[in-house]
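Trainee: So that we are looking at the same thing, I have put the structure below in structure tokens.
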Amino acid sequence: MKKYLNLFQNAPVAMAILDAEMLRLDSANSAMLQLLRREKSVLGRELLEILPEIADQPYPELMYNVIRTGKPYSETGAKFYSNNNGRVETIFVDYSYTPILGRNKQVISILVVGVDVSERELSRLYMLESDRNLRAVVMSAPVAMAVFSGFDFQIQSVNDRMLDLWNGNSKTGIKELEHVYHNGVSFTSESNQICYSYTPLRDATGNTTGVVMVGNRKD
């Protein structure tokens with residue numbers, strides 16, 4: 001049992017176990033707590049007490065449906081709104097709800113597994129959304145992000161998280177930007193313990209029109 005507990009706690013994906021009766025958060029690994037933007041002290045409390053912002057989102061009802069039917073549920077690229085110290089963040093997740101059965105074959109708990117795919121989904125949205133909406137998406141992104149347009153890489157929009165990573169050096173990654181723009185392929189690099197990913201933006205005809213830069217500081 002200890003071996004399985006260690007696997008749960010050290011899993012690279014977010015994992016949690018919720019009580020089926022009250023949706024009480026019985027267990028959560030560090031990846032799940034990070035995804036929820038919460039501390040370990042929330043363990044043992046009910047989900048809606050921990051995350052009151054999800055009361056108007058579909059997730060509680062989806063969990064109760066898993067409890068009622070005993071059928072697992074999963075979704076990719078789901079949009080989740082999180083209140084992080086008064087600041088609303090938009091997080092995109094791939095997640096699954098798996099029922100855990102007791103001796104009488106009744107659902108007693110739910111195993112929740114999630115992966116933060118905000119970087120992937122935001123890059124995809126950039127290719128679909130109009131320019132008018134790009135700035136709003138950037139500013140609410142839970143990751144450091146900047147959008148460059150044209151061959152001269154004019155900054156179209158950038159959020160505070162990326163400005164913090166740049167620390168005054170907005171010329172970070174110029175060679176990488178040139179590579180992605182002129183070759184039309186994604187690229188990843190690392191500098192000063194910060195991982196940067198670059199994704200080309202294309203117009204309706206497939207021509208590269210800009211680059212999305214996403215940054216993540218390594219722990």
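Trainee: Being surrounded by fewer than 19 Cβ atoms within 10 Å (Cβ to Cβ) and closer than 16 Å to Ile100 by Cα is the filter; apply it to segment 2-16 and report the residue that is modelled with the highest pLDDT.
Mentor: Phe8
Trainee: Tally up the residues in segment 185-205 that are buried (at least 19 other Cβ atoms within 10 Å of the Cβ) and more than 30 Å from Arg87 (Cα to Cα), please.
Mentor: Count: 0.
Trainee: Something else about it: Looking at (1) exposed (fewer than 14 other Cβ atoms within 10 Å of the Cβ); (2) under 30 Å from Leu36 (Cβ atoms), which one does Asp152 not meet, given that it meets all the others?
Mentor: (2)
Trainee: Another question, if that's okay. Being of a type outside the set (Gly, Ala, Ser) and buried (at least 16 other Cβ atoms within 10 Å of the Cβ) is the filter here, so list the residues in segment 134-149 that pass it. It would help to see each step written out before you state the result.
Mentor: Taking segment 134-149 and keeping what is of a type outside the set (Gly, Ala, Ser), we get 134-135, 137-139, 142-143, 145, 147-148.
Residues satisfying the conditions are Leu134, Val137, Val138, Pro142, Val143, Met145, Val147, Phe148.
Trainee: Take the residues in segment 84-122 that are buried (at least 20 other Cβ atoms within 10 Å of the Cβ) and in contact with a Ser or Thr (Cβ under 6 Å, 6 or more places away or on another chain); name whichever of them is modelled with the highest pLDDT.
Mentor: Phe92
Trainee: Only one of Ala136, Ala141 is in a helix (DSSP H, G or I) and either under 18 Å from Leu122 (Cβ atoms) or modelled with pLDDT of 90 or more (or both); which? Steps first, answer last, please.
Mentor: On the way: Ala141 fails: in a helix (DSSP H, G or I).
Answer to the selection: Ala136.
Trainee: Inspect all residues belonging to segment 164-184 and state whether any of them is loosely packed, with under 13 Cβ neighbours inside 10 Å, without any contact (Cβ under 8 Å) to a residue 24 or more places away in the chain and in a strand (DSSP E or B).
Mentor: Scanning segment 164-184 turns up no residue that is loosely packed, with under 13 Cβ neighbours inside 10 Å, without any contact (Cβ under 8 Å) to a residue 24 or more places away in the chain and in a strand (DSSP E or B).
Trainee: With respect to Tyr198, determine if the residue is in a strand (DSSP E or B) and not assigned by TED's automatic domain parsing to the domain that holds Val88.
Mentor: yes
Trainee: Also, quick follow-up: Is it fair to say Tyr95 is in contact with a Gly (Cβ under 8 Å, 6 or more places away or on another chain) and not in a loop (DSSP other than H, G, I, E, B)? Break it down stepwise before answering.
Mentor: Numbers: in contact with a Gly (Cβ under 8 Å, 6 or more places away or on another chain): yes; not in a loop (DSSP other than H, G, I, E, B): yes.
The answer is yes for Tyr95.
Trainee: Something else about it: Residues that are touching a residue at least 40 places away in the same chain (Cβ under 8 Å), in a helix (DSSP H, G or I) and either of a type in the set (A, V, I, L, M, F, W, C) or in the same structural domain as Ala28 (by TED's automatic domain parsing) (or both): does segment 65-86 have at least one?
Mentor: yes
The values are calculated or read from the model by the stated rules, or taken from the named source; none is laboratory data. The structure presented is a predicted model; accordingly, all values stated were derived computationally and were not measured. When we count neighbours, we look across all protein chains shown, and the Cβ atoms used for this are built from the backbone with ideal geometry, even at glycine.
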